[in-house]
Each structure stands twice: as C-alpha cells, then as structure tokens.
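Novice: The structure that follows is given in the form of structure tokens.
Read-outs throughout are calculated quantities, based only on the coordinates presented, and are distinct from any laboratory measurement. Note that the structure is a prediction, hence the values are computed from the model and not measured. Because the Cβ atoms are built from the backbone with ideal geometry, glycine has one as well, and the counts that use them run over all protein chains shown.
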C-alpha cells in the first residue's frame, strides 16, 4: 500500500531510498533525520539504521500496485539524487515512474546539478514525461543556483519548494517554473519565517502567473501556526498545458488534483 501523506501538497509518499546527508542550511533541522533517528537500533524497524543512506529495492515497484491515480512525493525521507545512490538505481526508479504513468510523481532535490545531468543523460534532447514533475528545494539566496539548474533540466513541469524559507529572496525570475511551494520550518528549534518574505514571493508568483502553494507557518509542530496568509489559504496547483492528445492522461491528472 502507499503511505498516505500528511504533507498538504501531495497524496502519498514513496521511498525507494531512505537516509541522506546535509548539504545546506535548509538541512539543519531535517524532519526526516529527526524521525528516522528515533528508531536507530530498534530491531525490525524500517529505520533500524537511523538516517543512514539505505536503498530499498523491495519498494521499487510499489506504485505499479496502486491502481488509483495519486500525487506521489518521491523520496520524502531522502534525496533521489544523492551522490552515493548508484545511477542505475535511479534509472530503476524512473523506469517505475514511466511504467506506472497513471500517477503524478513529485521529485524534489537539493542536488540540482545531479538531477539536471541525469535527466539529460536519460532523455537526451527530449523532456521527462509530463507526469514526472521535477523540482528543487531552496531555503535562502545562497541556494538560488538550484533554480538555474532546474531551468536547465529538460522537464515539462518544474517546481520549487521554498521551505523552510529562511530569508528574504528579493527578485526571483520564475520563467519556466510552473509551481512554487513556500512555508516555514517546524519542529524543535524551528527558525521563524517572516510574513514579508512570503508576501514578496507570493506577489511575484501572481505577477509571473506561477501557481503558489503556502504550506505552513511552522513552529513547534507543522500545524502550530496554521496555513493562512493574509486571511486565506493559498493552495494553487500548476495548470497542465502540455500535449493533451492523450485524453486519458488529462483525466488522470485532473483526478489527482481533486484528491489533494
């Protein structure tokens, strides 16, 4: 069975890899590490090895058995483009995503150049299939190079998660970006997000016709501060305007949105 997610912008999570290592300030209070390390050494627990990078080949084909269309966040407990994950294993993950194409897959990474290079290697001058959304996580201005790498990635749907948002970003060129997620940090020691940072990002999304999804204010728990900004929820999703000659694909995508 799929793992139903409490993450507001997806339906389910699929983790063919777990564990990771820190690469930037956004990793400092990693929720996945905190959760995993609670079970280190617990026999037979999926996280018996804590947050050590671990391949889970027994999970590779799970989405093929989930018959109802879903938005699936790939590797919520890791980063698919971690440098220590064999390239052939990543190809196997993409094989499954291509074969189980009634789902939409949301692939999010901080290793943006490795994702770009892999996609170019796999698809050449073509783009990744439209049901595979490719995104990067950006927490502050120092991480903005990931946006450039994302734009260089052959994808039909690109998205950026500005979560946890740790600083003002100033002017952001969202050309060729279809979806922006933003939110504050949650958990012990959560660093606060300022309303002006979020407003600046939201307003730029509106001006540049990019869907904006405000996930949370954060705090001690994810729900602590709620998820309204200026009196309303912002739960926008990208419009799919790619080749719709496959009518069934269009229907499946619409259904997945309705489930979110």
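Novice: Along the three principal axes, how long is region 1-98 when you take its alpha carbons, biggest first, rounded to the nearest angstrom?
Specialist: 34, 31, 30
Novice: Report the calculated FRET efficiency for residue 113 and residue 92 (r = Cβ-Cβ distance, R0 = 30 Å), to the nearest 0.05. Don't skip to the answer; put the middle values down first.
Specialist: Values: r = 21 Å, r/R0 = 0.71.
Step by step, r from the Cβ atoms, then E = 0.90.
Novice: Which whole-number percent is the relative contact order of region 105-200 (Cα, under 8 Å, 6+ apart)?
Specialist: Details: 171 pairs, mean separation 23.6, N = 96.
In percent, rounded to a whole number, it is 25.
Novice: So for 162, 47, fewest C-beta neighbours within 10 Å to most, what's the order? Before the final figure, lay out each step's value.
Specialist: On the way: 162 25, 47 20.
Ranked by crowding around the Cβ, least crowded first: 47, 162.
Novice: Further question on the same structure: Comparing 84, 52, 176, which has the greatest mean-square fluctuation in the GNM of the chain with Cα pairs linked when under 10 Å apart?
Specialist: In the Gaussian network model the winner is 84.
Novice: Using a Gaussian network model of the chain whose springs link C-alpha atoms within less than 10 Å, name the residue from 48, 33, 58 with the highest mean-square fluctuation.
Specialist: 58
Novice: A follow-up question, please. Ignoring everything except DSSP H segments at least 4 long, calculate the 222 nm mean residue ellipticity for the chain; use -39,500 (n - 2.57) per segment, divide by total residues, nearest 500. Write out the running numbers ahead of the final one.
Specialist: Details: 6 runs with 65 residues, N = 260.
Here the helix-only value at 222 nm equals -7500 deg cm²/dmol.
Novice: Sticking with this structure for a sec: Rounded to two decimal places and with Rh computed the Kirkwood way over Cα pairs, what is Rg over Rh for region 3-259?
Specialist: Values: Rg = 17.6 Å, Rh = 18.7 Å.
Rg/Rh: 0.94.
Novice: So for 77, 115, fewest C-beta neighbours within 10 Å to most, what's the order? Write out the running numbers ahead of the final one.
Specialist: Details: 77 24, 115 27.
Result, fewest neighbours first: 77, 115.
Novice: Here is a further query. Among 44, 36, rank each residue by its count of other Cβ atoms within 10 Å, from fewest to most, as a rough exposure measure. Working shown, then result.
Specialist: On the way: 44 5, 36 24.
Going from sparsest to densest Cβ surroundings: 44, 36.
Novice: Over what distance in Å are the Cα centres of region 59-137 and region 9-34 separated?
Specialist: 15 Å
Novice: Turning to a different aspect of this structure: From Cα pairs below 8 angstrom and at least 6 apart in sequence, can you work out the relative contact order of region 3-259, rounded to a whole percent?
Specialist: On the way: 504 pairs, mean separation 38.2, N = 257.
Taking the mean separation of contacting Cα pairs over the length of region 3-259, I get 15 percent.
Novice: Still on this structure: Can you give me the distance in nm between label points at residue 40 and residue 24, each placed 7 Å from the Cα along the Cα-to-Cβ direction?
Specialist: Going by the 7 Å Cα→Cβ label model, 2.6 nm.
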